[in-house]
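The values are calculated or read from the model by the stated rules, or taken from the named source; none is laboratory data. Only a predicted model underlies this, so the values are computations on that prediction, with no experimental measurement involved. Using ideal geometry, Cβ is built from the backbone for each residue, glycine included, and neighbour counts are taken over all protein chains shown. With ligands, DNA and RNA removed, areas are computed over all heavy atoms of the protein, side chains included. Shrake-Rupley method; radii C 1.70, N 1.55, O 1.52, S 1.80 Å.
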Number of protein chains: 4
Amino acid sequence: MEKITIGIIGAGRIGRMHAENIISIPSIKIKTISDLFVENAIKWAEQIGIQNVTTNYQDILNDPEIDAIFICSPTNTHGEIIKEAARAGKHIFCEKPVSFSTEETKDALEVVKEAGVKLQVGFNRRFDPHFKKVHETVKEGKIGDPHIIKITSRDPEPPPAEYIKNSGGLFFDMAIHDYDMARYVAGSEVEEVYVQGVNLVDPIFKELGDIDTAMTILKFENGAIGIIDNSRKAVYGYDQRVEVFGSKGCVTAQNEHPTNVEISTADGVYKDKLKYFFLERYKEAYMLETHAFIDSILNDKPLVCKGNDGLQAELIAKAAKESHEFGKPVKIKREKFLKV
Amino acid sequence: MEKITIGIIGAGRIGRMHAENIISIPSIKIKTISDLFVENAIKWAEQIGIQNVTTNYQDILNDPEIDAIFICSPTNTHGEIIKEAARAGKHIFCEKPVSFSTEETKDALEVVKEAGVKLQVGFNRRFDPHFKKVHETVKEGKIGDPHIIKITSRDPEPPPAEYIKNSGGLFFDMAIHDYDMARYVAGSEVEEVYVQGVNLVDPIFKELGDIDTAMTILKFENGAIGIIDNSRKAVYGYDQRVEVFGSKGCVTAQNEHPTNVEISTADGVYKDKLKYFFLERYKEAYMLETHAFIDSILNDKPLVCKGNDGLQAELIAKAAKESHEFGKPVKIKREKFLKV
Amino acid sequence: MEKITIGIIGAGRIGRMHAENIISIPSIKIKTISDLFVENAIKWAEQIGIQNVTTNYQDILNDPEIDAIFICSPTNTHGEIIKEAARAGKHIFCEKPVSFSTEETKDALEVVKEAGVKLQVGFNRRFDPHFKKVHETVKEGKIGDPHIIKITSRDPEPPPAEYIKNSGGLFFDMAIHDYDMARYVAGSEVEEVYVQGVNLVDPIFKELGDIDTAMTILKFENGAIGIIDNSRKAVYGYDQRVEVFGSKGCVTAQNEHPTNVEISTADGVYKDKLKYFFLERYKEAYMLETHAFIDSILNDKPLVCKGNDGLQAELIAKAAKESHEFGKPVKIKREKFLKV
Amino acid sequence: MEKITIGIIGAGRIGRMHAENIISIPSIKIKTISDLFVENAIKWAEQIGIQNVTTNYQDILNDPEIDAIFICSPTNTHGEIIKEAARAGKHIFCEKPVSFSTEETKDALEVVKEAGVKLQVGFNRRFDPHFKKVHETVKEGKIGDPHIIKITSRDPEPPPAEYIKNSGGLFFDMAIHDYDMARYVAGSEVEEVYVQGVNLVDPIFKELGDIDTAMTILKFENGAIGIIDNSRKAVYGYDQRVEVFGSKGCVTAQNEHPTNVEISTADGVYKDKLKYFFLERYKEAYMLETHAFIDSILNDKPLVCKGNDGLQAELIAKAAKESHEFGKPVKIKREKFLKV
């Protein structure tokens, strides 16, 4: 195979971003995109040169020319689509989380495994050059045995109430990225979590049964301990930092600014706020995760981010939610699960 | 009063450092220094121009010329000396912690209160210009309501086994500084703690019933949550950082290096490790805390760091120890206590 | 006009880079690319979807479907092609410098002016977000009147001898970018230059009548003074910095690193070398200059970087060369020339 | 000799600073201070514990108990006092410049040499830990052969007109520090200078025959070239940076801020302006230069900064002044002069 033909399911913000990234890659062709609300999508699809737009994602799964699909539809549809696609022999890129239920995720993963197709979960941050270098630095032993993992992850502003309602809550919607990052840089599974979560940003979160500010303490199988701090509102931009401290040193990835320009005046020294949000901050990472997925299919390379990574992050999110509810540390219930 | 005459109890490392700082201040005279092991101290005292050296600290307390004392003796002697000194009408600077027992500390504070003398506890970091600016930035409302407090506090190398034995453990010896810093920058009392503590640096800690690596989650009365991460061994130097994140912004104090020089070669960009340890990192803070103590006596200004601050940090350390032992969050038992 | 059809003259490194950038822009179509050595180009062109490859650039100029051209051929062909293209009514993007002779450049600019076509000169650094912000900061008056302009511009390694021979020398090949940058950030014309140039990197430069290390002092019409330091070999990467100091402050743009990751060990703190060279450092700028050119054609917006900008930089380079030869300051001979 | 007795000539700002630094050094005693305006000095001297104040500096030179003197009087008195002090057998610390006339300086240095006393010139910046590390990095060969030296040196605000009049002008008063720094970090003598100097900050400079903004290009004997940029007014503080670029790398010393605290808000990221001026920025350097002087006397160690260093910087300043007047490069007239 020299060129891959793909279909995209879901033409919302994230689906369109993937499509626009893909059109600059000569080795991929987007044949079809599906969305329930097809009218908006048609004009956009035409502009970027995608010919087929459908309301029925089955059209994509049934098309023998299509090698792989991108699932960018709402989370509650992921599990079902993964199973159908796997059975249709399509390789799958699925946005995170795989599902809101670890049972459903495990089901989907079993089907994927049986079908022998590739499944990449959209933990885009693993492809960020800064965080990737942190991962590699740890892996190469440059900081010795990891002792302390620290992740800061704060959004620039809260999502709308409508989104919060169906988001799965802070643990499944937002912190799940950080749970994956923690596993990625620590090089170890999480065995226990303790959460201190509060409502400080906006009362709407409390009204909807959610929180907006949280600390998650992680205990890893390799003995290391970790902390993740989350907030739904950092007025200075998208705050995304990672640090791993170990027996021989410490590695840190700092925030990125739109420019590095500093202006010094009689009032002090000023520089830009942080890059605004994920589309700006992880622009390159989104591009790279797509390249890696295609590369994995074309050249049969191992995936950086597999179905099991999706499952593990969900298991942590589930335990975190429980810890928050009961106010005590919770062990991860990790049954034996063959890595896909 | 234009000039103050002081005595120093304890001529160990910290006692000598205070003495050497004080001799450069024209408004203070060190009259006497006491130490059980007087021989070593005599030569040193002579060199820096202190005339009297005694093995009996009572000589200092009984000297009517002496206005104030610095208590730099082992922690288990602090409580008793504070009470005697207060009754003798001396103003008191006492190294942290006031004691290993909150009962003993409360006793001492009562006596101080009755005697009407000043008691400053040696939380030197409050006088560090970087952390002081963090405190002021929060106090002035520049970052809005505090939501998340983060403190990193890692020593460059573990103390000797002999020291560990009598140190009171990580919570009372090391993290107590951070508990005070947390209260100082958050502008609020801590009401609950949860600790995840482990032994990763050296088995000697476990053998002596101590830990060397810890996370403490703090819940503050003002709703904010905090995290302190401690390690007994950061090979790259004394890692001391503070961050307060709030509704309107974030303020951070970074580490200090001996120089800011960067060397760029074909291998990368290199700069100095961090300042080695507390004597280097907090050199200026140690000087400034002495100035502030003297200024408070001479000009009757309020103390930056009072007896109650010592007590509150000890209450947190006690709860942290309990949380570590029982593996669950612990509420601070804060009885009404008049601020001294 | 909603979509632009272009031709590219020259399929060397820089021509291919432009082509690869352009294919990701939906509003442009590359119809033809020309190169004397067509064999290498054919396979590459096919891969990225360009159908026509020719050895004769006239095929491009004679094609009525083609709206605009990119001139990426050797400098000594620029002047002639610009004139032919202008007379054929094509809009022109021309790599820098326009020519090695200010007479030839002026001739070309006259023809462009008469033909009424657009001519953008490839001073890509104007589109770098960092340097653009410096320019804007000065323009908005945030640092007051400019007093001192400082530009550091050092290549990571010298070009091959064959390239040096035909490069026009350090002033026309390398520093010319910096002369343009100086005008761009100072917001003023240069009226005098003094150069101190030496041969320190490699004797080959001296053998070929060139230098490899230089300082150029600039005196601007607005009273400001400037300094540019150039080297052909910075072993730590492509060193590109700009600073403008004025009556109300100072604005600086620092270097960019592949990642911001810092690794602290017992040996010190390390981070990545600089981005390697212009393709990495100015990746975004090359993209943005193409967008700006297209935007100027489609929406008749003013060009950021015109023919006159090319000419002015060449006048400075010429004076710099003279200053170097005669060891004294040289005034810019700027005859009246209507801005294109 | 275990303890040194000194006298200070001149109780102005810089004389008092040295006195206040010295009283914290146990191995030095200040016996006498002289000043023409003795009334102000008496009260101050008493406060810091100096017993003798005189209007006649000869009292200091004639006192057999005094081992060494600090010359902090106006520059036009330096040459005469150095000669008298040397003949009286006193070691000498002299503020920069040694004189405004290189003839006078050479005379003084001859007398010092004959007398066999030590003469340290007050180039305090050599003792700044940041710049010292730059010097050492170059000396150790870590950046290979030096190619380019860059020094930025900008004062936070212009001195009063009265001071400008007697200052010797920008080259002798301000840039002379930078000329010394250039020699110190380049490890080579300067053989030619070219200056571009202008009047941009305040017309008073022009009225008094001075300039306020200047670039000095330096050519060193080892082949390296250098640039110094000076301004009398940087509204954001005392801007003091040094960079040496060489065949194997680059070493830079950046500015220092009162704190490293950063405040991120919806408006951007702010940090403190630079340290205000030389008393803040070089506080530690002033202390260290005194220690080095005393150490040199007590332990017969070589001086870091000798009479010849004063002379060389003056030769550069003289050539710079000439270059500015005649608008062309000027060679340093360096006759053979035995190093003192």
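Checked against the criterion of being open to solvent by 60 Å² or more (accessible area, probe 1.4 Å) and modelled with pLDDT under 90, the stretch B:58-79 contains not a single residue that satisfies it. The conditions of being in contact with a strand residue (DSSP E or B) (Cβ under 6 Å, 6 or more places away or on another chain) and at pLDDT 95 or above are met by residue D:137. Based on what the data block shows, is residue B:143 within 14 Å of chain D (Cβ to nearest Cβ) and part of a loop (DSSP other than H, G, I, E, B)? It is true that residue B:143 is within 14 Å of chain D (Cβ to nearest Cβ) and part of a loop (DSSP other than H, G, I, E, B).
Among the residues of the stretch A:30-43, the one identified as under 24 Å from the mean Cα position of the chain (by Cα) and more than 17 Å from residue A:58 (Cβ to Cβ) is A:30.
The condition of being within 20 Å of the chain's Cα centre (by Cα) and of a type outside the set (A, V, I, L, M) holds for residue D:79. Of the candidates B:32, B:77, B:55, the single residue that is among the polar types (S, T, N, Q) and closer than 25 Å to residue D:47 by Cβ is B:32. Here residue D:257 clears all of (1) in contact with a Leu (Cβ under 9 Å, 6 or more places away or on another chain); (2) crowded, with 21+ Cβ neighbours inside 10 Å except the condition numbered (2). Of the candidates A:180, A:145, the single residue that is among the acidic types (Asp, Glu) and either surrounded by fewer than 19 Cβ atoms within 10 Å (Cβ to Cβ) or not assigned by TED's automatic domain parsing to the domain that holds residue A:245 (or both) is A:145. If the condition is being buried (at least 24 other Cβ atoms within 10 Å of the Cβ) and either within 14 Å of another protein chain (Cβ to nearest Cβ) or not in a helix (DSSP H, G or I) (or both), then the stretch A:148-174 contributes A:148, A:149, A:151, A:154, A:170. Among the residues of the stretch B:235-255, which ones are part of a loop (DSSP other than H, G, I, E, B), closer than 30 Å to residue D:133 by Cβ and within 7 Å of another protein chain (Cβ to nearest Cβ)? B:235, B:236, B:254 - these are the residues of the stretch B:235-255 that are part of a loop (DSSP other than H, G, I, E, B), closer than 30 Å to residue D:133 by Cβ and within 7 Å of another protein chain (Cβ to nearest Cβ). Just checking, does the stretch B:204-213 include any residue being part of a strand (DSSP E or B) and open to solvent by less than 30 Å² (accessible area, probe 1.4 Å)? Yes: the stretch B:204-213 contains one or more residues that are part of a strand (DSSP E or B) and open to solvent by less than 30 Å² (accessible area, probe 1.4 Å).
When only residues in the stretch A:287-310 that are open to solvent by less than 60 Å² (accessible area, probe 1.4 Å) and within 14 Å of chain C (Cβ to nearest Cβ) count, which is farthest from residue C:250 (Cα to Cα)? Among residues in the stretch A:287-310 that are open to solvent by less than 60 Å² (accessible area, probe 1.4 Å) and within 14 Å of chain C (Cβ to nearest Cβ), the one farthest from residue C:250 (Cα to Cα) is A:290. Restricting to the stretch C:256-271, name every residue that is at the interface with chain A (Cβ under 8 Å from one of its Cβ atoms) and not β-branched (Val, Ile, Thr). C:256, C:258, C:260, C:262, C:264, C:266 - these are the residues of the stretch C:256-271 that are at the interface with chain A (Cβ under 8 Å from one of its Cβ atoms) and not β-branched (Val, Ile, Thr). Taking the conditions exactly as written (modelled with pLDDT of 95 or more, touching a helix residue (DSSP H, G or I) at 6+ places or on another chain (Cβ under 6 Å), open to solvent by less than 20 Å² (accessible area, probe 1.4 Å) and part of a helix (DSSP H, G or I)), does residue B:319 satisfy them or not? In short, no. Of A:221, A:262, all but one fail to be over 30 Å from residue D:254 (Cα atoms) and acidic (Asp, Glu); the exception is A:221.
Residue by residue, here is whether (1) among the polar types (S, T, N, Q); (2) closer than 24 Å to residue D:130 by Cβ; (3) within 21 Å of the chain's Cα centre (by Cα) holds:
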site: D:181; (1), (2), (3): no, yes, yes
site: D:184; (1), (2), (3): no, yes, yes
site: D:198; (1), (2), (3): no, no, no
site: D:207; (1), (2), (3): no, no, no
site: D:212; (1), (2), (3): no, no, yes
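The residues in the stretch C:97-125 that are open to solvent by less than 20 Å² (accessible area, probe 1.4 Å) and either among the small types (Gly, Ala, Ser) or within 14 Å of another protein chain (Cβ to nearest Cβ) (or both) can be counted, and the count is 4. Between B:103, B:46, B:84, B:114, the distinction of being assigned to a helix (DSSP H, G or I), at pLDDT below 95, more than 20 Å from the chain's Cα centre (by Cα) and not assigned by TED's automatic domain parsing to the domain that holds residue B:313 belongs to B:46 only. Residue C:91 - would you say it is crowded, with 16+ Cβ neighbours inside 10 Å, under 21 Å from the mean Cα position of the chain (by Cα) and within 14 Å of chain A (Cβ to nearest Cβ)? In short, no. Taken as a whole, the condition of being within 11 Å of chain A (Cβ to nearest Cβ), in contact (Cβ under 8 Å) with a residue 12 or more places away in the chain and over 21 Å from the mean Cα position of the chain (by Cα) applies to residue B:192. Looking at residue C:228, is it touching a residue at least 60 places away in the same chain (Cβ under 8 Å), buried (at least 24 other Cβ atoms within 10 Å of the Cβ) and aliphatic (A, V, I, L, M)? The answer is yes for residue C:228.
Does residue C:41 fit the bill of being open to solvent by less than 10 Å² (accessible area, probe 1.4 Å), under 20 Å from residue C:289 (Cα atoms) and either in a loop (DSSP other than H, G, I, E, B) or not polar (S, T, N, Q) (or both)? Spelling it out, it is not the case that residue C:41 is open to solvent by less than 10 Å² (accessible area, probe 1.4 Å), under 20 Å from residue C:289 (Cα atoms) and either in a loop (DSSP other than H, G, I, E, B) or not polar (S, T, N, Q) (or both).
Filtered by the rule that a residue be more than 14 Å from chain B (Cβ to nearest Cβ) and assigned to a loop (DSSP other than H, G, I, E, B), the stretch C:219-234 gives C:221, C:222, C:223, C:224, C:232.
Entry remark, the stretch A:298-316: residues being modelled with pLDDT of 95 or more and assigned to a helix (DSSP H, G or I) number 10 in total.
Regarding the stretch D:260-278, can at least one residue be identified that is more than 30 Å from residue B:144 (Cα to Cα) and at pLDDT below 95? Taking every residue of the stretch D:260-278 in turn, at least one turns out to be more than 30 Å from residue B:144 (Cα to Cα) and at pLDDT below 95. Would you please name the residue that is farthest from the other protein chains (Cβ to nearest Cβ), looking only at residues in the stretch B:26-38 that are open to solvent by 60 Å² or more (accessible area, probe 1.4 Å) and in a loop (DSSP other than H, G, I, E, B)? Among residues in the stretch B:26-38 that are open to solvent by 60 Å² or more (accessible area, probe 1.4 Å) and in a loop (DSSP other than H, G, I, E, B), the one farthest from the other protein chains (Cβ to nearest Cβ) is B:36. Can you say whether residue B:186 is closer than 30 Å to residue B:15 by Cβ, more than 10 Å from chain D (Cβ to nearest Cβ) and of a type in the set (Gly, Ala, Ser), as far as the supplied structure shows? No, not satisfied. Looking at this structure, is residue C:46 open to solvent by 20 Å² or more (accessible area, probe 1.4 Å) and within 11 Å of chain A (Cβ to nearest Cβ)? Answer is yes for this residue.
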